[in-house]
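What follows is a single structure, written as structure tokens, with notes after it.
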């Protein structure tokens, strides 16, 4: 089975990869959303909850695998890359080095998200949104937008299998937009039957489940 | 009367025209003991016995502040004791305050109690733990003389009991001469319970009341034979209704809430005389439960269909029959349930058993024998769970700075922690302080700091509020409220979140005896409408399933070895005889495995008699091993008695499949990634304080903000598999949901002896397994395949596959 599902948005041929990144082969653009780096650090700072502090390394490790496999020219992080602005300080030497290695030799774009609304420590362009060809990249989808790539909602979808459901993070897309799943290790999800996602996605929208392989299904709408 | 009894008490007994029971006098004589365990059947003044030493003390003169603490697992019991104790106290001329303090007590009242404690305070383990977490705990408890622990037999089986004993260890430090009295129903091993409540190493004295008359207990005579499988017992309803009509008040016990709901529903369909029958279980709204309890006290009900929610609690004198529907699973609990009938001393309790299927008939007969022979079961207590210890350390830190040496010494006075190794204590302390991670530490944000004098304290005192909000060890699965749709819709009860997730609008299910239609989820509430007369489409809640105890399983196995088991009805004897003729009967000292072809599949049945949880785990492990052996397993189903696996290829090497080393290896490696381990982990992580159930000003707005505990488990398994919480989870897997100890027990008793019967068709004992619900599809490769199939089907059904499969250029 392939490790991606290919579809087209305003003439751009895009691949939703099983890992949760979006690949635009023609322009060699890798797009990833909601990394939430430094999540465990923010949790302990804000609430004293000491979650296993391995999420940042794990997220970076999985991203690095995708970057090595695809060798993108441009990497677009679609916002909420850091769990908050302070969280970017929390990366240890090894984690920072990993990020720098990935950034070397390619263009890196940080789109601002609601968790990281300003510039972060790391190099790269800091933008509210970014356009390339027909496509516009932003953190939160706008209702009337077209050819839009966004994140923010952490969509997930549930498929009934036998007497239970298998729920996984997913891409959602229709003819107008794509919403990316969250890539960060410590992220939850919003089920695709939530009203806000229902309102954004048009009839005929498709969900691409991430995981070991991609599974494609009509967007479950409850 | 005894000289030990002060005059005021002797007079009171005389006034009442009562004679103190022997065990009540013994308690008075033993009032100097550091700890004392009273074992007595229900209805013979056990609670009064617990309070007599306190009353004897208090009549001697006024006592400033708290004198006696009473702890029970039920809030309702605390409230009830308050009412029942005030009478005697007044009659003895005592000018004391008796108050309860539970989750239901108002904040004002709680503040007042802290400032000016009553002489007798009635509370629960959680409320007590909370009290010990305050920095003025020493002042609140100074002067405390005695503590009465009610329903010790029930508490000793749960983490609530472990928490209570740790709290008492802390209190004992504040009040060195505090004396303990435990009150227990009849138990199999009194020494063990005594060890549980003792302040180690000081021993605990045991006082045993005579056991009372033998109960009148038998199978309910039912005309129809028991069905082959299932747990509904619908076939018994006409007879059950007849019993209800012939008695004053009947308690009809069930093992699960789902079974209680279904039985109640069916009961009312045949209840032509409209006998007032109600339902009571832990998922119903509190208001509804209280209505039922009030109606019961008022004598307005003829029967209550109930679950373990009525195992403990208030004495209802007019109950004259207990009916147990479904196999009792555990002799001790059966005896306690029987005791709910007839709360009068020295009159026999009456109980009838209703097996729901054929294997349960055997189990019921075995249980009846055990009751007659006073052979109660009980798994030996293991060491105290360390997740509870982690919470205790945090509670201690809330109360104030402590020395690790002192706390360790305190903890070791609690029976189940008496053998706790210092290193195991340190790992818990380290977890509380820094998270205890191997590769990276939260040094900047540690929760506990060591001061210059070596004491541990909270880094941020504000953390105390969060810790206090999460005190407790009751492992509730996440529940959602169920309400009637519409403004101010009536609350019906709760369902598990996992159950709610399987519902689609239009589904109907049973709750509180009503069939309701699922309409949708709104602000974390399940909205439903009434659906009259419809048959529910979906079974209600998953719920806990008790596993048949080791002793009871062994009795069943021994029963099979009798030439002719005369206590069984004729149709059962025929069934067993046929099994003996076609295959073999399972034995204690050997493991019976059958394999046979069935409808183009191959079935393998292992008669493990190790209880449902262990056999479920065995099913998981065996299906994995069958996959490795190329047998292509498809699914399995487990009961308390056997596990059956279906595969595409036949099993030839049963001994290889069941090799102990392979099974243990599977537990260590493959099972580690399984959902049941994740569920165990979640329980431990919540208790130990890694996951907070409650947060100040909490509001779940966007669900994407929270992520599941499974992710934490996966992360630890990958990066820190020796973390203390992973160790605790593995310890937990020896029992409970995973119950690997029972698999070990099965391997031990069969000691490699295996009877593998290769049959040409299914055996009489295997037949019911094909009718069992709850077949588990094999995970792994098969699950991915099913997912791919289902998503492809959905794409095709919607016509979307034609559009998206051919990308536009």
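The values are calculated or read from the model by the stated rules, or taken from the named source; none is laboratory data. Small disclaimer: the values here were computed from a predicted structure and weren't measured. In this analysis, Cβ positions are derived from the backbone assuming ideal geometry, glycine residues included, and neighbour counts consider all displayed protein chains.
Results for (1) in contact (Cβ under 8 Å) with a residue 40 or more places away in the chain; (2) buried (at least 24 other Cβ atoms within 10 Å of the Cβ), shown as yes or no for each residue.
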residue	(1), (2)
B:157	no, no
B:168	yes, yes
B:173	yes, no
B:177	no, no
B:188	yes, no
B:194	yes, no
B:197	yes, yes
B:200	yes, no
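Is it fair to say residue A:109 is away from chain B (no Cβ under 14 Å), part of a helix (DSSP H, G or I) and either in contact with a strand residue (DSSP E or B) (Cβ under 7 Å, 6 or more places away or on another chain) or surrounded by fewer than 22 Cβ atoms within 10 Å (Cβ to Cβ) (or both)? No; evaluated as a whole, the condition is false for this residue. The set of residues from segment B:264-295 being touching a residue at least 60 places away in the same chain (Cβ under 8 Å), more than 12 Å from residue B:514 (Cα to Cα) and either exposed (fewer than 13 other Cβ atoms within 10 Å of the Cβ) or in contact with a helix residue (DSSP H, G or I) (Cβ under 8 Å, 6 or more places away or on another chain) (or both) comprises B:283, B:287, B:293.
For segment A:195-210, the set of residues classified as more than 8 Å from every other protein chain (Cβ to nearest Cβ) and assigned to a loop (DSSP other than H, G, I, E, B) consists of A:201, A:202, A:203, A:205, A:210, listed by residue number. Taking segment A:182-209 as the range and being farther than 20 Å from residue A:148 by Cβ, out of contact with any helix residue (DSSP H, G or I) (no Cβ under 6 Å at 6 or more places or on another chain) and touching a residue at least 60 places away in the same chain (Cβ under 8 Å) as the test, only A:187 passes. The residues of segment B:496-513 that are modelled with pLDDT of 80 or more and assigned to a strand (DSSP E or B), listed by number, are B:508, B:509, B:510, B:511. Selection of helices (runs of 4 or more DSSP H) fully inside segment B:130-174 by the criterion of at least 2 residues being closer than 29 Å to residue B:378 by Cβ returns B:152-155, B:159-174. Restricted to segment B:20-32, and to residues there that are touching a helix residue (DSSP H, G or I) at 6+ places or on another chain (Cβ under 7 Å) and assigned to a loop (DSSP other than H, G, I, E, B), the residue that is surrounded by the most Cβ atoms within 10 Å (Cβ to Cβ) is B:20.
Condition check for residue B:406 on (1) more than 14 Å from chain A (Cβ to nearest Cβ); (2) within 31 Å of the chain's Cα centre (by Cα); (3) more than 16 Å from residue B:384 (Cβ to Cβ): one failure, at (2).
Here is the figure for segment A:151-170: residues that are facing chain B (nearest Cβ under 8 Å), within 22 Å of residue A:23 (Cα to Cα) and in contact (Cβ under 8 Å) with a residue 60 or more places away in the chain total 1. Just one of the numbered conditions (1) in contact (Cβ under 8 Å) with a residue 60 or more places away in the chain; (2) touching a helix residue (DSSP H, G or I) at 6+ places or on another chain (Cβ under 7 Å) is not true of residue A:173: (2).
The set of residues in segment A:7-31 being within 11 Å of chain B (Cβ to nearest Cβ), over 15 Å from the mean Cα position of the chain (by Cα) and over 10 Å from residue A:208 (Cβ atoms) consists of A:8, A:9, A:10, A:11, A:12, A:13, A:26. Of everything in segment B:451-467 that's away from chain A (no Cβ under 14 Å) and either surrounded by fewer than 14 Cβ atoms within 10 Å (Cβ to Cβ) or assigned to a loop (DSSP other than H, G, I, E, B) (or both), which residue is nearest to the chain's Cα centre (by Cα)? Checked segment B:451-467; the qualifying residue nearest to the chain's Cα centre (by Cα) is B:455. When every residue of segment B:785-801 is checked against the conditions, none turns out to be within 14 Å of chain A (Cβ to nearest Cβ), surrounded by 18 or more Cβ atoms within 10 Å (Cβ to Cβ), at pLDDT 90 or above and closer than 27 Å to residue B:635 by Cα. Does residue B:532 satisfy the condition of being under 30 Å from residue B:283 (Cβ atoms), out of contact with any helix residue (DSSP H, G or I) (no Cβ under 8 Å at 6 or more places or on another chain) and either assigned to a loop (DSSP other than H, G, I, E, B) or modelled with pLDDT of 90 or more (or both)? In short, yes. May I ask you to verify whether residue B:431 is more than 24 Å from residue B:174 (Cα to Cα), crowded, with 16+ Cβ neighbours inside 10 Å and modelled with pLDDT of 95 or more? Answer is yes for this residue.
Does any residue of segment B:74-82 turn out to be in contact with a strand residue (DSSP E or B) (Cβ under 9 Å, 6 or more places away or on another chain) and either at pLDDT 90 or above or in a loop (DSSP other than H, G, I, E, B) (or both)? The answer is no, given that none of the residues of segment B:74-82 is in contact with a strand residue (DSSP E or B) (Cβ under 9 Å, 6 or more places away or on another chain) and either at pLDDT 90 or above or in a loop (DSSP other than H, G, I, E, B) (or both).
When segment A:43-74 is filtered for residues that are within 30 Å of residue B:689 (Cβ to Cβ), crowded, with 20+ Cβ neighbours inside 10 Å and more than 10 Å from chain B (Cβ to nearest Cβ), the ones remaining, listed by number, are A:59, A:60. You will find that of B:164, B:130, the residue that is closer than 23 Å to residue B:185 by Cβ and buried (at least 19 other Cβ atoms within 10 Å of the Cβ) is B:164 and no other. State which residue is surrounded by the fewest Cβ atoms within 10 Å (Cβ to Cβ) when the search covers only segment B:436-450 and only residues that are part of a loop (DSSP other than H, G, I, E, B) and in contact (Cβ under 8 Å) with a residue 24 or more places away in the chain. Here the residue is B:439. Restricting B:209, B:258 to those that are surrounded by fewer than 23 Cβ atoms within 10 Å (Cβ to Cβ) and out of contact with any strand residue (DSSP E or B) (no Cβ under 6 Å at 6 or more places or on another chain) reduces the list to B:209.
If you go through segment A:76-87 and keep only what is away from chain B (no Cβ under 12 Å) and in contact with a helix residue (DSSP H, G or I) (Cβ under 7 Å, 6 or more places away or on another chain), you end up with A:82, A:84, A:87. Residues that are within 32 Å of the chain's Cα centre (by Cα) and surrounded by 18 or more Cβ atoms within 10 Å (Cβ to Cβ): which helices (runs of 4 or more DSSP H) entirely in segment B:568-686 hold 2 or more of them? Qualifying helices (runs of 4 or more DSSP H): B:612-628, B:660-668. Criterion first (assigned to a loop (DSSP other than H, G, I, E, B), in contact (Cβ under 8 Å) with a residue 60 or more places away in the chain, within 8 Å of chain B (Cβ to nearest Cβ) and under 25 Å from residue B:795 (Cβ atoms)) does residue A:213 satisfy it? For residue A:213, the condition - assigned to a loop (DSSP other than H, G, I, E, B), in contact (Cβ under 8 Å) with a residue 60 or more places away in the chain, within 8 Å of chain B (Cβ to nearest Cβ) and under 25 Å from residue B:795 (Cβ atoms) - is met.
For the residues A:152, A:165, the requirement of being in contact with a strand residue (DSSP E or B) (Cβ under 6 Å, 6 or more places away or on another chain) and either assigned to a loop (DSSP other than H, G, I, E, B) or closer than 30 Å to residue B:716 by Cβ (or both) singles out A:165. Identify all residues within segment B:633-681 that are closer than 30 Å to residue B:446 by Cβ and modelled with pLDDT of 90 or more; write none if there are none. Residue satisfying the conditions is B:681 alone.
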